[in-house]
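Before any comments, here is the structure.
The values are calculated or read from the model by the stated rules, or taken from the named source; none is laboratory data. No experiment lies behind these values; they were computed from the predicted model shown. Here the Cβ positions follow ideal geometry from the backbone for every residue, glycine too, while neighbour counts run over all protein chains shown. Quick note on the areas: whole protein, heavy atoms, side chains included, nothing else; ligands and nucleic acids left out. Shrake-Rupley method; radii C 1.70, N 1.55, O 1.52, S 1.80 Å.
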Amino acid sequence: VCIVALLCYFAVRWIVTGPVSRQIRSVADNPAAASAYGVRVGLVRVYTVSLSAAVAALGGALLLFETPAVTADSFAVFFSLSLYAAAVFGGIGTLIGSFFGALLLIAAPWAVSKLGLKMEPELLAGVVLVVFTLVARDGVVGLLRPWFRTWVQVVDTPPASGFSGPVPRPRASR
């Protein structure tokens, strides 16, 4: 399951950072302007819906390992709210936020059982949902982003020629 999740993460990341992402964003923002620039709006919409359906179908296939029989009671209202809380906790609109959200889904029942709390894990997820909606709207990723930027420093790369001294200036012609 983890291997398939990582493969899906890297595949979606490749699509989001690749050349198709600009077309998808342009169609989402302004389809008329995207069409004027030569983007085939219908094809991009079909591609986007097909991609999301494929990832959702793969997620449903992986859910089969945990829930072999799907009934009306398989997805209670509070479980659905826990899934929503996980998305808000991780950061909606970020790829890495899905891993933080999955961590919440795993950690909430574990924390409730280990700490001996007299509450349901869904209630803990609801509290996390309310707190993160009020305090950190971008989720854990939004909280970690400024810290990560101070931790990682971007340095200009040297020229590819292997010259390590100052860049020579062209001489003025006389």
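Here are the numbers for this structure:
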| read-out | value |
| --- | --- |
| Test: residue in segment 62-71 that is outside any helix (DSSP H, G or I), touching a helix residue (DSSP H, G or I) at 6+ places or on another chain (Cβ under 9 Å), open to solvent by 60 Å² or more (accessible area, probe 1.4 Å) and under 30 Å from V130 (Cβ atoms) | yes |
| Yes/no for G93 being on the phi > 0 side of the Ramachandran plot and of a type outside the set (D, E) | yes |
| Test: residue in segment 28-40 that is in contact with a Phe, Trp or Tyr (Cβ under 7 Å, 6 or more places away or on another chain) and outside any helix (DSSP H, G or I) | no |
| Residue under evaluation I15, criteria (1) more than 23 Å from the chain's Cα centre (by Cα); (2) over 17 Å from I106 (Cα atoms), criterion not met | (1) |
| Tally of residues being more than 13 Å from R45 (Cα to Cα) and hydrophobic (A, V, I, L, M, F, W, C) across segment 14-28 | 3 |
| Tally, over segment 60-74, of residues that are within 23 Å of C2 (Cβ to Cβ) and either touching a residue at least 60 places away in the same chain (Cβ under 8 Å) or not β-branched (V, I, T) (or both) | 9 |
| Subset of segment 83-100 (residues that are assigned to a helix (DSSP H, G or I) and either in contact with a Leu (Cβ under 8 Å, 6 or more places away or on another chain) or surrounded by fewer than 17 Cβ atoms within 10 Å (Cβ to Cβ) (or both)) | L83, Y84, A85, A86, V88, F89, G90, F99 |
| Segment 8-37, subset polar (S, T, N, Q) and at pLDDT 85 or above, residue surrounded by the most Cβ atoms within 10 Å (Cβ to Cβ) | Q23 |
| Residues that are open to solvent by less than 30 Å² (accessible area, probe 1.4 Å) and β-branched (V, I, T), drawn from segment 107-144 | V112, V128, V140, V141 |
| Flag for A53 being in a helix (DSSP H, G or I), loosely packed, with under 12 Cβ neighbours inside 10 Å and either at pLDDT 80 or above or touching a Ser or Thr at 6+ places or on another chain (Cβ under 9 Å) (or both) | yes |
